[in-house]
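Read-outs: derived from the displayed coordinates by stated rules, not from any lab. All figures in this text were calculated on a predicted structure; none of them were measured in a lab. When we count neighbours, we look across all protein chains shown, and the Cβ atoms used for this are built from the backbone with ideal geometry, even at glycine.
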Protein chains: 2
Amino acid sequence: MAYDQKYFTDRARIIKALAHPVRLFFVEELAREERCVCELTAMVGLDISTVSKHLSVLKSAGILIDDKRGNQVFYQLVTPCILNFFGCIEAVINSETAATNYAC
Amino acid sequence: MAYDQKYFTDRARIIKALAHPVRLFFVEELAREERCVCELTAMVGLDISTVSKHLSVLKSAGILIDDKRGNQVFYQLVTPCILNFFGCIEAVINSETAATNYAC
DNA sequence: CAAGAACTTGGCCATATCGCCAAATAGTTA
DNA sequence: TAACTATTTGGCGATATGGCCAAGTTCTTG
């Protein structure tokens, strides 16, 4: 297979959006139910502007959508298939101590 | 759910390792068959030292293993479940133009 | 052993990311 | 309209990332 720069850059952009502990938490949390920015802010204890920027990264990657209701903005997960990936991550983490060749 | 910093940082570390176009390409390529550093270097057209560092990121995340044979080092994918994730990424990319709420 | 090939490591520079604060915007309520 | 709440945006500084080159290591071969 040849290295198609644009192809892999497009895909890496989406993975990059997930590659932060806070954003990963938001994805897991929003898989359960939608939340407004202030709820998510209270959960992680960061400045609300920081939280807003993290959410915007996930939104522009196409992972979340937002819905403004009154003066609150609710975010929701639109790509639940991402959750399937998390099981694989667990396997990688567990394999770090194991001696097997294939983690999953 | 509470935000467990260490839990999500550990998991983000692995996703971060995948969050680069060249490393993503290596994962897909090594899913087909193992390759030595010089073969991978020829495919992406970067300096061999840069390639070596990318491979080391994937290795220390537990995604690849290496095997030195003679004066060559062969890398191999140990977490093929990561490939399942790629289908989801495609769905996210395709949904960016679509009007549906759930991408997958 | 010397020369060369295959990798890795260290160092440097340019750019990107992440946090905060301050300011702007939008909606609600008195 | 004024005050207040919720959120976003701009800007700044600290740190991380990604590329190259140069130097070091390991293995092979003459």
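Couplings 3J(HN,Hα) of region A:11-21, computed from phi: 6, 5, 4, 6, 5, 4, 4, 8, 7, 8, x Hz, in residue order, whole Hz [Karplus 6.51 cos²θ - 1.76 cosθ + 1.60, θ = phi - 60°; x for Gly and Pro]. Given the DSSP H assignment, sum -39500 (n - 2.57) over each helix run of at least 4 residues in the protein assembly as shown and divide by its residue total; what's the result at 222 nm in deg cm²/dmol, nearest 500? -18500 deg cm²/dmol, from helical runs alone. Label-point spacing for B:TYR7 across the identical copies (point 7 Å from Cα in the Cβ direction), in nm and ascending order: 3.7. Rounded to whole numbers, the Karplus 3J(HN,Hα) couplings from phi for region B:78-88 are 10, 10, x, 4, 4, 4, 4, 5, 4, x, 5 Hz, using 6.51 cos²θ - 1.76 cosθ + 1.60 with θ = phi - 60°, and x at Gly and Pro.
Entry for chain A at q = 0.10, 0.21, 0.22 Å⁻¹: log10 I(q)/I(0) = -0.36, -1.09, -1.14, Debye formula applied to identical alpha-carbon scatterers, no solvent contribution.
Lysine pairs in chain A 8 or more apart or on different chains: how many have alpha carbons under 20 angstrom apart? Display every interim value, and only then the final one.
Values: A:LYS6/A:LYS16; A:LYS16/A:LYS53; A:LYS16/A:LYS59; A:LYS53/A:LYS68; A:LYS59/A:LYS68.
Lysine pairs satisfying the spacing and distance rule in chain A number 5.
Placing +1 on the Cβ of every Lys and Arg and -1 on the Cβ of every Asp and Glu, with nothing else charged, gives chain A a dipole about its Cα centre of roughly 340 debye.
When the Cα positions of A:GLY62, A:LEU24, A:THR50 are compared along the charge dipole of region A:9-74, A:GLY62 comes out farthest toward the positive end, with charges on each C-beta of Lys, Arg, Asp and Glu. The residues packed around A:SER56, meaning those with a beta-carbon under 12 Å from its beta-carbon, carry a net charge of +2 if Lys and Arg are +1 and Asp and Glu are -1. In nanometers and ordered shortest first, the copy-to-copy spacing of the A:VAL73 label point, defined 7 Å from Cα toward Cβ, is 4.4.
Rounded to whole numbers, the Karplus 3J(HN,Hα) couplings from phi for region A:23-32 are 5, 5, 4, 4, 4, 5, 5, 6, 6, 7 Hz, using 6.51 cos²θ - 1.76 cosθ + 1.60 with θ = phi - 60°, and x at Gly and Pro. Legend: Rg and Dmax of the protein assembly as shown, from Cα coordinates, 18.2, 67 Å. When chain B is treated as a GNM with alpha-carbon contacts under 10 Å, the residue of B:ALA42, B:ALA31, B:ALA61 showing the greatest mean-square fluctuation is B:ALA42.
So how strong a dipole does the protein assembly as shown carry about its Cα centre when Lys and Arg Cβ are +1 and Asp and Glu Cβ are -1, to the nearest 20 debye? Dipole magnitude for the protein assembly as shown comes out near 360 debye. Relative to one another, the C-alpha centroids of region A:47-70 and region B:67-88 are positioned 34 Å apart.
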